[in-house]
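Chemist: Before anything else, here's the structure in question.
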Amino acid sequence: MSAQTAPVLQVRDLVVEYEGRGESVQAVRGVSFDVHAGEVVALVGESGSGKSTTAHAVVGLLPGGGRVVGGSVRLHGGELVGLTDKAWQQVRGARIGLVPQDPGIALNPVTRIGDQVAEVLRIHGRVRRAAAAQQAVEILRSVGLSDPEARARQYPHELSGGMRQRVLIGIALALEPALVIADEPTSALDVTVQRRVLDLLDDLTSRTGSAVLFITHDLAVAADRADRVVVMKDGEIVEEGLTAQVLGAPRHPYTRSLLAAAPQLAVRERVPPPAPTVGESPLLDVLSVSKTFRLPGHAGRTVQAVDDVSFSVARGGAFGLVGESGSGKSTVARLVLQLTTPDSGAVLLDGAPVTDPAGRALLRRRSQLVHQNPFASLDPRFTVAKIIDEPLRSHRVGSRSQRRDRVVELLEQVALGAAFATRRPGELSGGQRQRVAIARALALEPDLLVLDEPTSALDVSVQAQILALLDRLRRDRGLTYLFISHDLAVVRQVADRVGVLHDGRLVEVGPTADVFDQPQDPYTAELVGAIPGHRADPADRPLERSTR
C-alpha cells in the first residue's frame with residue numbers, strides 16, 4: 001500500500017454527543033483514522049468505548065439524540081458530515097455498504113429475501129424491477145446460499161442465522177461500494193458459521209477492492225482478519241497500528257488488559273481443582289437420554305434433538321458441552337434439570353433418578369441454572385435483594401432476618417457487596433447482572449450448577465472476571481459444573497472434561513486438552529480449527545491485503 005495513496009475513508013477529530021435528560025455526553029472525543037482501498041481496519045474496544053458510535057457517525061445513522069458536533073468524515077475526499085437526508089440516500093448502499101450486527105432485526109420479517117436484496121438495486125436505479133429480481137438471485141448465489149431461487153422466495157425466519165448474515169453481506173456488497181462497514185457481523189454466530197461468514201466477507205471485499213471498517217470486541221477475530229487495529233476506550237483512541245504490532249507488542253495498558261482477558265489469545269496456567277477420590281461415584285450421570293420434538297406447522301414431522309447421549313460429571317468437576325446451534329446442547333441442559341422429560345434414558349443425581357416426584361424435588365434444591373442473558377433472567381421490577389432472596393422464600397429457608405443476612409453474604413461471595421442489595425437490574429452493568437444471577441443460583445447451596453452460555457453476552461474483560469469468579473467458587477465451595485457453550489476457547493479455560501455434540505449425538509468425550517489438542521472426530525477438528533486467533537501470527541496471512 002503506497003504511502004501516497006489517498007484513503008477511501010478519512011476521519012479527523014470526530015466528536016459525537018448524545019443529548020438526554022437535559023445534559024450532553026460525549027461518546028466519541030477527537031477520533032482520527034484512515035481506511036485505504038483493499039484494507040481492513042478493525043475498531044476494537046468494549047461496550048461503551050465508542051466504536052459503534054463512530055461507525056454509525058461515518059454512515060450517518062446515529063440514533064435519536066446523537067449528533068456530530070465536531071470534526072470531519074470524508075469519503076474519497078467528499079465531506080459526509082452535514083449531508084441532507086436526500087444526499088445520504090445516494091451514499092448508503094451505493095458508496096457505503098453496512099453489514100449490521102443482528103440479522104434477525106436488520107431484515108424485514110414480512111418481506112421475502114429476494115425482494116429485500118432487489119430493493120437496494122431498484123432504489124439506486126441500477127436495474128428495472130424484473131432484472132432486479134433475477135440479479136437478486138445471482139447475489140444470493142454469490143454469497144454461497146444453496147438453491148438461491150428457493151431462498152429468494154423465503155422469509156427471514158425460514159433461514160438460519162448464518163444464512164441471514166450472508167443475505168446482509170449480499171445486500172451490503174450488491175453495488176460494490178467503496179467502503180464496507182461491518183458492525184460486529186458475527187457476534188451471534190457459532191464459531192464454524194462465524195469463520196464461513198468472515199471468509200465470505202473477506203473474499204468478496206478482496207475481489208472488489210473495498211475498504212473495510214470492521215467493528216468488533218473480539219480481539220481474536222481482529223487478529224485473524226484485520227490489517228490494522230484501532231483500540232478505543234471511553235470514546236478515544238488509545239492505540240493503533242499494524243495488527244501484528246498492536247496485538248503482538250501492545251504499548252497501552254488497556255490494550256494489554258484486553259489481550260490478557262481474551263481466552264483465545266491469552267495463555268493461562270490453570271491449577272486444576274482437587275481430583276475426585278478414586279472410586280467415588282459421579283455427582284451427575286446422564287444415561288442414554290433421547291428427546292424428539294414435533295415440528296409446529298408440519299403434521300407428523302419430528303426432529304431428533306438428542307439421540308442416545310451419555311456422560312458423567314465427577315463431583316467437583318467441570319464438564320463442558322460444546323457444539324453449534326441446533327446440536328442439542330441446550331436440550332441436554334433442560335433434560336438434566338427436568339425442565340423437559342426424555343423420551344428414553346435416565347438422569348441420576350448422586351446415584352438417584354430425578355424423574356420421580358421425590359427426585360425432582362431434590363433436584364430443585366441441589367441443582368441450579370445460570371442463564372445466558374442475565375437481563376432477561378432477572379425480574380426488572382425486583383431489587384437485587386428480592387431477586388436473590390426469592391429461592392430462599394420459595395423453599396421456606398430461614399427467617400426474614402436470616403435470609404437478609406444470607407443475601408448480604410451471597411453478594412459478598414460474588415464480589416458485589418451489600419450496597420447493591422437495593423438496586424434493580426436496570427441499574428447494573430451486564431457483568432454485575434450476571435454476578436447477581438450467580439448469587440441467586442447459589443442461594444440454596446446447590447451441588448450442581450448448569451451454566452448455559454453464561455458469558456456469551458459479556459465483553460471480554462467482564463467475561464474474564466466472571467470466569468475467574470466461577471473458578472474461585474468451584475474451588476472454595478466444591479461446586480460441580482455442567483458448562484454449555486459454543487465458545488471452545490472459554491470451555492478450554494473452564495472445563496476438565498468436554499463432550500462434543502453434533503446433530504444431537506455425542507461424537508467425542510474426553511479430557512479437555514486431549515479433545516482439543518488431538519481431536520479424533522472430523523467435526524471436533526472442524527470446531528477446533530475454527531477458533532478465532534489461530535491466524536494471529538503474521539506468517540499465517542499477509543498484512544498488506546491491499547497488495548492482493
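Chemist: How big is the Cα convex hull of segment 1-94 in projection, averaged over all directions, in nm²? Before the final figure, lay out each step's value.
Modeler: Working: hull surface 27.5 nm².
Mean orientational projected area (segment 1-94, Cα hull): 6.9 nm².
Chemist: Now, a different point. For the chain, find the longest principal axis of its Cα atoms and tell me its angle to the long axis of helix 460-477, 0 to 90°, nearest 10.
Modeler: 10
Chemist: Let me ask something else. Could you grab the relative contact order for the chain? Cα pairs under 8 Å, six or more apart, rounded to a whole percent.
Modeler: Details: 1080 pairs, mean separation 86.6, N = 548.
Computed over the chain, the figure is 16 percent.
Chemist: Quick one: which of 463-472, 250-259 comes out on top by average Cβ neighbours within 10 Å, and what's the full order, highest first? Don't skip to the end; give the middle numbers.
Modeler: On the way: 463-472: 19.1, 250-259: 17.2.
Result, highest mean first: 463-472, 250-259.
Chemist: Something else about it: What lysines does LYS329 reach when the alpha-carbon gap must be under 30 Å and sequence neighbours fewer than 8 apart in one chain are set aside?
Modeler: Output for LYS329: LYS291.
Chemist: Another question, then. Quick one: work out Rg over Rh on the C-alpha atoms of segment 303-427, Rh as Kirkwood radius. Walk me through the intermediate numbers first.
Modeler: Working: Rg = 17.5 Å, Rh = 17.1 Å.
Result for segment 303-427 is an Rg/Rh of 1.02.
Chemist: How do the peptides 73-79, 31-37 rank, highest first, by the average count of neighbouring beta carbon atoms within 10 Å per residue? Could the numbers behind the result be given before it?
Modeler: Values: 73-79: 15.0, 31-37: 20.1.
Those peptides, ordered most packed to least, come out 31-37, 73-79.
Chemist: Wrap a convex hull around the Cα atoms of segment 102-176, take a quarter of its surface area, and give that in square nanometres. It would help to have the intermediate numbers written out before the result.
Modeler: Working: hull surface 17.5 nm².
Answer in nm², one decimal: 4.4.
Chemist: At q = 0.12, 0.14, 0.19 Å⁻¹, what log₁₀ I(q)/I(0) does segment 379-497 have when each alpha carbon counts as one equal point scatterer in the Debye sum?
Modeler: -0.43, -0.58, -1.05
Chemist: Taking the Cα atoms of the chain, what is the range of coordinates along each of the three principal axes, in descending order and whole Å?
Modeler: Principal-axis extents of the Cα atoms in the chain, largest first: 71, 54, 46 Å.
Chemist: If you don't mind, another one. Using Cα pairs closer than 8 Å and at least 6 residues apart in sequence, work out the relative contact order for segment 325-484, in percent.
Modeler: Reported relative contact order: 27 percent.
Chemist: What number does segment 394-451 give for Rg over Rh if you use C-alpha atoms and the Kirkwood radius? Mind showing how you got there, number by number?
Modeler: Details: Rg = 11.7 Å, Rh = 12.1 Å.
Across segment 394-451, the Cα-based Rg/Rh ratio is 0.96.
Chemist: Using only helices, what value at 222 nm comes out for the chain when you add -39,500 (n - 2.57) per DSSP H run of length 4 or more and divide by the total residues, to the nearest 500 deg cm²/dmol? Please list the in-between numbers first.
Modeler: Values: 21 runs with 201 residues, N = 548.
It lands at -10500 deg cm²/dmol.
Chemist: Still on this structure, I have one more. Please report, largest first and rounded to whole Å, the three semi-axes of the ellipsoid equivalent to segment 108-250, where each semi-axis is the square root of five times an eigenvalue of the C-alpha gyration tensor. Kindly include the intermediate steps, with their values, before the conclusion.
Modeler: Values: eigenvalues 198, 53, 33 Å².
For segment 108-250, the semi-axes come out at 32, 16, 13 Å.
Chemist: For helix 400-413, what angle does its Cα long axis make with the longest principal axis of the chain, in degrees from 0 to 90 and rounded to 10?
Modeler: 50
Chemist: Can you tell me, using C-alpha contacts under 8 Å and at least 6 residues apart, the relative contact order of segment 102-176 as a whole percent?
Modeler: On the way: 87 pairs, mean separation 31.9, N = 75.
Value for segment 102-176: 42 percent.
Read-outs: derived from the displayed coordinates by stated rules, not from any lab. Source: prediction; values computed, not measured. Glycine gets a Cβ as well: all are built from the backbone with ideal geometry, and neighbour counts include every protein chain shown.
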